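Below is one structure, written out as C-alpha cells; comments come after it.
The values are calculated or read from the model by the stated rules, or taken from the named source; none is laboratory data. It should be emphasised that the depicted structure is a prediction, and the values quoted were computed from it without experimental measurement. In this analysis, Cβ positions are derived from the backbone assuming ideal geometry, glycine residues included, and neighbour counts consider all displayed protein chains. We work out accessible area using only protein heavy atoms, side chains counted, and drop any ligands, DNA or RNA first. Shrake-Rupley method; radii C 1.70, N 1.55, O 1.52, S 1.80 Å.
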Amino acid sequence: MSCDAVAAVVILVDGLGWVLAERTGLLRDLLPQRAPIRSVLGYSSAAFPALLTGLPPARTGQWLLFKRGGEPGSLAGLARLAGVAERWPRLEPALRRAAAGWAIHLRGWPAHFSTFAIPFPEMRHLAFADHVMGWAPAAINGTPTLFGHLRAAGITTHAFGYPTPDQRSLASAMRHIDAGHAGMYLLYLWQLDDTLHHCATDPLQMAGPLASYAAGLEQLYIRAQARFGNVPFAVISDHGMATVRGGVDVRSHLAAQPAFAAALPQAFYDSTMARFWLQSESDRAAVQEALSSVPHAQLLDESRLAAEGVLFRDGRFGELFLLMDEGWVINPSYYGAQLPAGMHGYDPDAPDSLATLLTNVEAALPTDLYGVHRFLLDIIAGMGRHAGTRRT
Ligand SMILES: [Zn+2]
C-alpha cells in the first residue's frame, strides 16, 4: 500500500480509546486493519513524546508536567500569592487566572496549566518540568521526532492541530488535499478528549460529537484517495478514556493516618496518580503503609516503574507513587474539585485505557505507542520524496 505513495494521512485523535472506536465501529469499512494500543503510564505529556520519538519517558526525560522544585520552571514565585489568597479568599479565582496567564503567555507553558488547582503554598516546592509541547517539534532532547524524520527525508509535511479547532483542521487538510499538495498530512485533533472528560462514554451525549468526527474523517479519507490514490491512512490515539465510577479523598484519608501525618511527605495529587517525596528516608516504611491503606489504589514499586519506562533515579517526579484503579479518581485533586465524567491516566493495560490504531495499511500491526512510532516510520520510508519541508 505505502510503497509508492505520494501522500499519506495520519490523524491523532486525543482520547479516542480502543473500546469506544470498536463499539461505535468508527470507519470500520474504510480502515479494516485495527488494533488496541498500549499507551504509556501517565498522561498526554508522556504519550506524545513516546509516539513522536519511539522512546520511553526515562529516555526522553518527558513524563509528567510538574516535578520537584528548582529552576528552570520554578513555581516558587507564584507561592508568594499564598498569603494574599489566605487573607482575601474571594480573590483566589482572579489570582489563579492571573497566574495562569503569566505562566502561559510569558513563560510559554501549555494552556492546560490553567486547569491545575495546585494550592499556592505547595507551589513553593514545585517546578514545571522542562517539556516539549506542541504537535510538531523536530526533536525532543536531541532525539528526532516523526517531524524531524520527515524533514530529513525531504518530505513535505502538512501539520494541523492545537489550538485550531478540530473541524477547522479537518477542513484545512481537505483544502490542501483537493489542491493536490502531496506529502505527509499530520493532524492532531484535541477536542474529543475534552468532550469525553465531560460526557465520558454516555452513548446519548457522545452520539453527536462522534458522528461529526466520523463524517469528517470519512470525507478526508475519500478525498485523499480520490486525489492521490493508494494513500496510507491511519487514525491513532494517545490513550483511552474510562468512565469515572467515583472519587476518593486521598488527602483527607492520608491526613487521618498518624504515621503519614507525622512524616508529612511533600505531595502532588494528580487526578489518577499521587506522588510523594520523603522528608527523611527513615519515613519510607511508615508512609508506604499509609499509602497502601488508600482504597481503589495501588502502590507502584521500583520494578514496576522500570518496566513502564518511567524510573527516574533522581526522584524528580516523586519517590513514592500511588496509582488509582481504573474508573476511580483522586477527588479533590490538583486537577480540580469537580468529579469528571471521564478520566485517563490509569494502568495502560486497563481495558478502557487502551489507545487505538485504525488503518488501511496491510502490515503487522503494533501493540504499543512505541510500535506505532515504528509503524509510522515505515509509512514515511515508503513515501515518495518531495522537495522542501513545509508546515501549514
Ligand atoms: Zn484528557
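Quick one: which residues, 5 or more positions from Trp135 or on another chain, have an amide H under 5 Å from its amide H? H modelled 1.01 Å from N in the peptide plane, none for Pro or chain starts.
Those qualifying (amide H under 5 Å, at least 5 residues apart or on another chain) number zero.
Using a 1.4 angstrom probe on the protein heavy atoms only, line up Arg245, Arg175 by accessible area, largest first. Kindly include the intermediate steps, with their values, before the conclusion.
On the way: Arg245 170, Arg175 150 Å².
Ranking Arg245, Arg175 by accessible area, largest first, yields Arg245, Arg175.
Check Ile11: other-chain or 5+ apart residues with amide H under 5 Å from its amide H, H built from backbone geometry?
Leu187, Ala234, Val235, Ile236
Beyond 12 Å, how much of the Cα-Cα pair distribution for the stretch 72-126 remains, as a whole percent? Provide the component values of the computation, followed by the final result.
On the way: 943 of 1485 pairs.
Roughly 64 percent, once rounded to a whole number.
What accessible area per residue comes out for the stretch 63-140, rounded to a whole number of Å², with a 1.4 Å probe?
Here the per-residue accessible area is 52 Å².
Quick one: 3J(HN,Hα) in Hz for the stretch 277-282, Karplus 6.51/-1.76/1.60 with θ = phi - 60°, rounded, Gly and Pro as x.
10, 7, 6, 9, 4, 5
Could you check how much of the accessible area of the chain is carbon and sulfur, as a whole percent, using a 1.4 Å probe?
53 percent
Contact order normalised by length for the stretch 1-89, with contacts defined as Cα pairs under 8 Å and 6 or more residues apart; what percent is it? If you can, show how the numbers build up before the last one.
Details: 30 pairs, mean separation 13.3, N = 89.
Relative contact order, the stretch 1-89: 15 percent.
With N residues in the stretch 245-339, what two-decimal value do you get for its Cα radius of gyration over 2.2 N^0.38 Å?
Values: Rg = 12.8 Å, N = 95, 2.2 N^0.38 = 12.4 Å.
Dividing the Cα Rg of the stretch 245-339 by 2.2 N^0.38 Å gives 1.03.
Taking only protein heavy atoms and a 1.4 Å probe, what accessible area per residue, in Å², does the stretch 245-339 have with all protein chains in place? Could the numbers behind the result be given before it?
Values: 4190 Å² over 95 residues.
I get 44 Å² per residue for this part.
For the chain, with only Lys/Arg (+1) and Asp/Glu (-1) charged at the beta-carbon, what is the dipole magnitude about the Cα centre, in debye rounded to 20?
I would put it at about 1220 debye.
Using just the helices of the chain, give the 222 nm mean residue ellipticity in deg cm²/dmol: DSSP H runs with n ≥ 4 each add -39,500 (n - 2.57), and the total is spread over all residues, rounded to 500.
Rounded to the nearest 500, it is -10000 deg cm²/dmol.
Can you give me the Rg/Rh ratio for the chain, using Cα atoms for both radii and the Kirkwood formula for Rh?
Result: Rg/Rh = 0.99.
Just going by the charge dipole of the chain, with Lys and Arg at +1 and Asp and Glu at -1 on Cβ, which of Leu357, Ile330, Leu189 is farthest out on the positive end?
Of Leu357, Ile330, Leu189, it is Leu189.
What percent do you get for the relative contact order of the chain when only Cα pairs under 8 Å and 6+ apart count?
34 percent
Can you compute 3J(HN,Hα) from phi for each residue in the stretch 339-349, using the Karplus curve 6.51 cos²θ - 1.76 cosθ + 1.60 with θ = phi - 60°, rounded to whole Hz and x for Gly and Pro?
Using θ = phi - 60°, the values come out as 6, x, 7, x, 8, 9, x, 9, 3, x, 8 Hz.
Once amide H atoms are placed 1.01 Å from N in the peptide plane, what residues at a sequence separation of 5 or more from Leu357, or on another chain, have their amide H within under 5 Å of its amide H?
Those qualifying (amide H under 5 Å, at least 5 residues apart or on another chain) are Ala35, Ile37.
Quick one: which of 59-65, 286-292, 40-46, 259-265 comes out on top by average Cβ neighbours within 10 Å, and what's the full order, highest first? Mind showing how you got there, number by number?
On the way: 59-65: 21.7, 286-292: 18.3, 40-46: 24.7, 259-265: 16.0.
Result, highest mean Cβ count within 10 Å first: 40-46, 59-65, 286-292, 259-265.
Please state the Cα pair-distance histogram of the stretch 1-81 with 5 angstrom bins from zero: what percent is in each bin?
Spelled out per bin, shortest first, that is 3, 10, 15, 15, 15, 14, 10, 6, 5, 5, 2, 1.
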